[in-house]
Amino acid sequence: MAATEAREEGITWTFTPMLDISRDARWGRIAESLGEDPYLAGELGAAMVRGFQGKQLSDSDAIAACVKHFVGYGAAEGGRDYNSTYIPENLLRNVYLVPFQKAIEAGAATLMTSFNDNDGIPASGNDYLLRTILRDEWKFDGFVVSDWCSMSEMLSHGFATDRKDVARISANAGVDMEMVSKTYIDYLPELVAEKKVSMEVIDNAVRNILRIKYRLGLFENPYTQKGSTSSIYSAEHLKTARQAAVESAILLKNDGVLPLKEGQTVALIGPMADAPHDQLGTWSFDGDKNRTVTPLKALQSDEYKQVKYYYEPGLAYSRDTDTRNFEKVKSVVRQADVAVVCVGEEAILSGEAHSLSNINLIGAQSELLKAVKSTNKPVVMVVIAGRPLTIERDLPYADAVLYNFHPGTMGGLAIMDLLFGRENPSGKLPATFVREVGQIPMYYNHNNTGRPAPDQVISLNDIPLEAPQTSLGNTSFYLDSGRDPLFVFGYGLSYSTFAYDNLHLSSDEVHATDTLTVTATIKNTSATDGTEVAQLYVRDLVGSIDRPVKELKGFQRLFIKAGDSQTVTFKLPVSELAFYGRDMKKKVEAGAFDLWIGPNSAEGLKGSFTVTE
């Protein structure tokens, strides 16, 4: 649908999907990413490529995708945008390159280089990435574009002497098209004359670009004919946007207050309750805020006209620190049965160049939540934000938490559908939620240490005064924030409850060319129909290099009626267990594996199998 709307406006190329593995929520561009896991990012990224590009690029509902940022940008040091990365080749190949390769295999037409340098080499001058891996190994036949001035920024990196040197480095490295900085226009002719860039390099770059233009049909049909009707904001597209917002919301906490009953009076509170611009999120240049349905607008709509509500934002915007209206807020809440407090981040606080060192709720939003809770009324915290925020300190003041990220045009109706039980939450977290920023980086698919922490660890309060100097447990954890995150990767609640049972593996011994079939029974043990996202994880117990403690290898959405059971079946090609080892060759290594099917990365039924030589 996005492709159809874009093509209708004459746009034939989009700078998405963004496939940067993102393990640091301080980095603003995590809002654009597909999370921390290479398998998930690869599956979603490939689906986006197929959606944008359709059956063939010249179709009226197809545009060229551009996978970005190649590569490692999400690992920017300290979460500071544009910063350096230091990703060794094993990690690069086993994690950061994985979603890009899947997107290229799905047919992505173009690729964008990154801003960062990795191990001292800026991405727009890295011939190993752009020629050896992308062209020689992956056989990519689309074109490569630099990011905005990322080529000329090699001067600031200290990687090029002048703008002419920039053009030489990037052309020879394999950048086909320059975005904005114009060093190609200014210097390629003389670089060719001086034989510092060959005509073969120029010809190949031109071929790569023209090949995609031909596939887009731009030579046969260069102009867009505006039709009498438009698909933009059509009923069908708005319905899909609403459903997408419903399915991607994550219920993080529910002490029984949800779902709301439509006879209850609602106090709608908070700066994000009616923030039509901010609800659209980062990079929404052409979004029309006048079409945004906020939570307030949802309650004002015909669909919710029977719901009695009071509205008092309390704060004008998310950064607001003015608490003068808090007594008025409490007065409004006392007149209601339940308070829905909409908090989070304005759109401009996430996205490119919007890194934060503090990712608590900003402004006086935490104080607002406490003020509402002081009325002793049930409180539902609705978060609308671009990143995983550190909300542990806010949880005691909320009886339920619905996390929406920036849900877009139809987000308000989607939120009300979920709060009132017209829809059942089913979303799962694509990234780990830490307790506080000091735990970053924290992600589920980490390597183990030689001293992994046990389930119970020492805390600061366990240390007696004037204790003798010891190693205090001799394991890897924080004395102040413990071992675990606030919410694990893959976590998400529902109004339904699900029980997993009967894990079965087709064999306990497989060869590298086999496919392992894994099944489990999932029962809806509640009185509410619901959708569960079952997840498959594996662990390679011993490898030629340390292997992650868990790796996602599959997920399925299953709609299960109340009281019913379904069998979930995963087909796991053993080839999917391959990785790049010490010799930099990708292969499946023989040995023992653990396997889980469960509702998230920390829970599930556990089995084991062996891969033989």
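The values are calculated or read from the model by the stated rules, or taken from the named source; none is laboratory data. Small disclaimer: the values here were computed from a predicted structure and weren't measured. Counting neighbours? That spans all protein chains shown, and the Cβs are built from the backbone with ideal geometry, glycine included.
Evaluate the following for K428: is it over 16 Å from the mean Cα position of the chain (by Cα) and either crowded, with 24+ Cβ neighbours inside 10 Å or assigned to a loop (DSSP other than H, G, I, E, B) (or both)? Working first, answer last.
Values: over 16 Å from the mean Cα position of the chain (by Cα): no; either crowded, with 24+ Cβ neighbours inside 10 Å or assigned to a loop (DSSP other than H, G, I, E, B) (or both): yes.
No.
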Scope region 297-333; condition closer than 24 Å to M410 by Cβ, assigned to a helix (DSSP H, G or I) and either in contact with a Gly (Cβ under 7 Å, 6 or more places away or on another chain) or among the basic types (K, R) (or both); matching residues: K297, A298
Within region 550-573, considering residues that are more than 19 Å from L503 (Cβ to Cβ) and of a type in the set (A, V, I, L, M, F, W, C), the one nearest to the chain's Cα centre (by Cα): F559
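Any residue at all in region 470-478 that's in contact (Cβ under 8 Å) with a residue 40 or more places away in the chain, in contact with a strand residue (DSSP E or B) (Cβ under 7 Å, 6 or more places away or on another chain) and surrounded by fewer than 16 Cβ atoms within 10 Å (Cβ to Cβ)? Before the answer, list the steps.
So the first thing to find is which residues in region 470-478 are in contact (Cβ under 8 Å) with a residue 40 or more places away in the chain, and the list is 478.
Remaining after also requiring in contact with a strand residue (DSSP E or B) (Cβ under 7 Å, 6 or more places away or on another chain): none.
Taking every residue of region 470-478 in turn, none turns out to be in contact (Cβ under 8 Å) with a residue 40 or more places away in the chain, in contact with a strand residue (DSSP E or B) (Cβ under 7 Å, 6 or more places away or on another chain) and surrounded by fewer than 16 Cβ atoms within 10 Å (Cβ to Cβ).
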Test for A241: is it in contact (Cβ under 8 Å) with a residue 12 or more places away in the chain, over 24 Å from Q56 (Cβ atoms) and under 32 Å from the mean Cα position of the chain (by Cα): yes
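If you go through region 578-610 one residue at a time, how many are not in a loop (DSSP other than H, G, I, E, B) and not acidic (D, E)?
Of region 578-610, the ones not in a loop (DSSP other than H, G, I, E, B) are 579-580, 586-587, 591-598, 605-610.
Now drop any that are not not acidic (D, E), which leaves 579-580, 586-587, 591-593, 595-598, 605-610.
Result for region 578-610: 17.
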Among residues of region 315-331, those that are surrounded by 19 or more Cβ atoms within 10 Å (Cβ to Cβ) and under 24 Å from A245 (Cβ atoms), counted: 2
Whichever residue in region 347-357 is touching a Gly at 6+ places or on another chain (Cβ under 9 Å) and surrounded by 14 or more Cβ atoms within 10 Å (Cβ to Cβ) and, among such residues, is farthest from I440 (Cα to Cα): A347
Count of residues meeting criterion [assigned to a strand (DSSP E or B) and either in contact with a Leu (Cβ under 7 Å, 6 or more places away or on another chain) or surrounded by 15 or more Cβ atoms within 10 Å (Cβ to Cβ) (or both)] in region 479-513: 8
Long-range neighbours under 7 Å by Cβ, at least six apart or interchain, first residue closer than 21 Å to G142 by Cβ within region 191-219, second at pLDDT below 95: none
Extreme residue, nearest to D501 (Cα to Cα), among residues of region 592-610 that are more than 24 Å from the chain's Cα centre (by Cα) and of a type in the set (G, A, S): G607
Some residue of region 1-17 being touching a Lys or Arg at 6+ places or on another chain (Cβ under 9 Å) and of a type in the set (A, V, I, L, M): no
Out of V542, V510, V533, sole residue that is modelled with pLDDT of 95 or more, at negative phi and within 27 Å of the chain's Cα centre (by Cα): V533
Single residue of region 292-314 satisfying the filter (under 32 Å from the mean Cα position of the chain (by Cα) and of a type in the set (A, V, I, L, M, F, W, C)) that is surrounded by the fewest Cβ atoms within 10 Å (Cβ to Cβ): L296
Tally of residues being part of a loop (DSSP other than H, G, I, E, B) and within 23 Å of D278 (Cβ to Cβ) across region 21-53: 8
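Would you point out the residue of region 367-400, among those that are part of a helix (DSSP H, G or I) and out of contact with any Phe, Trp or Tyr (no Cβ under 8 Å at 6 or more places or on another chain), that is nearest to P430 (Cα to Cα)?
Step one: list which residues in region 367-400 are part of a helix (DSSP H, G or I), which gives 367-373, 392-397.
Adding the requirement that they be out of contact with any Phe, Trp or Tyr (no Cβ under 8 Å at 6 or more places or on another chain) leaves 392-397.
Details: E392: 18, R393: 21, D394: 21, L395: 20, P396: 24, Y397: 25 Å.
Selected residue: E392.
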Some residue of region 97-118 being crowded, with 24+ Cβ neighbours inside 10 Å, among the polar types (S, T, N, Q) and in a loop (DSSP other than H, G, I, E, B): yes
Residue under evaluation L218, criteria (1) outside any loop (DSSP other than H, G, I, E, B); (2) surrounded by 13 or more Cβ atoms within 10 Å (Cβ to Cβ), criterion not met: (1)
When residues of region 159-177 are limited to those that are within 33 Å of the chain's Cα centre (by Cα) and not in a helix (DSSP H, G or I), the one nearest to G120 (Cα to Cα): F159
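To keep it simple, each residue is scored yes or no on (1) more than 25 Å from E576 (Cα to Cα); (2) of a type in the set (D, E).
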{"residue": "I21", "(1), (2)": "no, no"}
{"residue": "E32", "(1), (2)": "yes, yes"}
{"residue": "P38", "(1), (2)": "no, no"}
{"residue": "G51", "(1), (2)": "no, no"}
{"residue": "K55", "(1), (2)": "yes, no"}
{"residue": "A65", "(1), (2)": "yes, no"}
{"residue": "N90", "(1), (2)": "no, no"}
{"residue": "Y96", "(1), (2)": "no, no"}
{"residue": "I104", "(1), (2)": "no, no"}
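Looking at region 178-196, which of the residues that are part of a helix (DSSP H, G or I) and out of contact with any Lys or Arg (no Cβ under 6 Å at 6 or more places or on another chain) is nearest to M112 (Cα to Cα)?
Applying the first criterion (part of a helix (DSSP H, G or I)) to region 178-196 yields 183-193.
Narrowing further to those that are out of contact with any Lys or Arg (no Cβ under 6 Å at 6 or more places or on another chain): 184-186, 188-190, 192-193.
Details: Y184: 16, I185: 19, D186: 21, L188: 20, P189: 24, E190: 26, V192: 24, A193: 28 Å.
Top of the filtered list is Y184.
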Filter result (closer than 20 Å to D141 by Cβ and out of contact with any helix residue (DSSP H, G or I) (no Cβ under 8 Å at 6 or more places or on another chain)) within region 101-124: M112
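From the list E576, E589, which one is more than 27 Å from the chain's Cα centre (by Cα) and among the acidic types (D, E)? Step through it out loud before you land on a result.
On the way: E576 fails: more than 27 Å from the chain's Cα centre (by Cα).
The unique qualifying residue is E589.
Identify, from the list Y223, Y233, the residue that is in contact (Cβ under 8 Å) with a residue 40 or more places away in the chain, part of a loop (DSSP other than H, G, I, E, B) and within 30 Å of the chain's Cα centre (by Cα). Even if it seems obvious, please write down each step before you answer.
Values: Y223 fails: within 30 Å of the chain's Cα centre (by Cα).
Of Y223, Y233, the one residue that is in contact (Cβ under 8 Å) with a residue 40 or more places away in the chain, part of a loop (DSSP other than H, G, I, E, B) and within 30 Å of the chain's Cα centre (by Cα) is Y233.
Inside region 54-80, can you point out the residues that are in a helix (DSSP H, G or I) and either touching a helix residue (DSSP H, G or I) at 6+ places or on another chain (Cβ under 6 Å) or crowded, with 23+ Cβ neighbours inside 10 Å (or both)? Walk me through how you get there before you give the answer.
Narrowing region 54-80 to residues in a helix (DSSP H, G or I): 73-75, 77-79.
Passing the criteria: Y73, G74, A75, G79.
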Filtered residue count, region 262-287, keeping only those that are under 24 Å from the mean Cα position of the chain (by Cα), surrounded by fewer than 19 Cβ atoms within 10 Å (Cβ to Cβ) and in a loop (DSSP other than H, G, I, E, B): 5
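For region 591-612: of the residues being without any contact (Cβ under 8 Å) to a residue 60 or more places away in the chain and surrounded by fewer than 19 Cβ atoms within 10 Å (Cβ to Cβ), which is nearest to V518 (Cα to Cα)? Show your work before the answer.
So the first thing to find is which residues in region 591-612 are without any contact (Cβ under 8 Å) to a residue 60 or more places away in the chain, and the list is 591-594, 603.
Among the residues that remain, those that are also surrounded by fewer than 19 Cβ atoms within 10 Å (Cβ to Cβ) are: 591-592, 594, 603.
Working: G591: 18, A592: 16, D594: 12, E603: 17 Å.
Checked region 591-612; the qualifying residue nearest to V518 (Cα to Cα) is D594.
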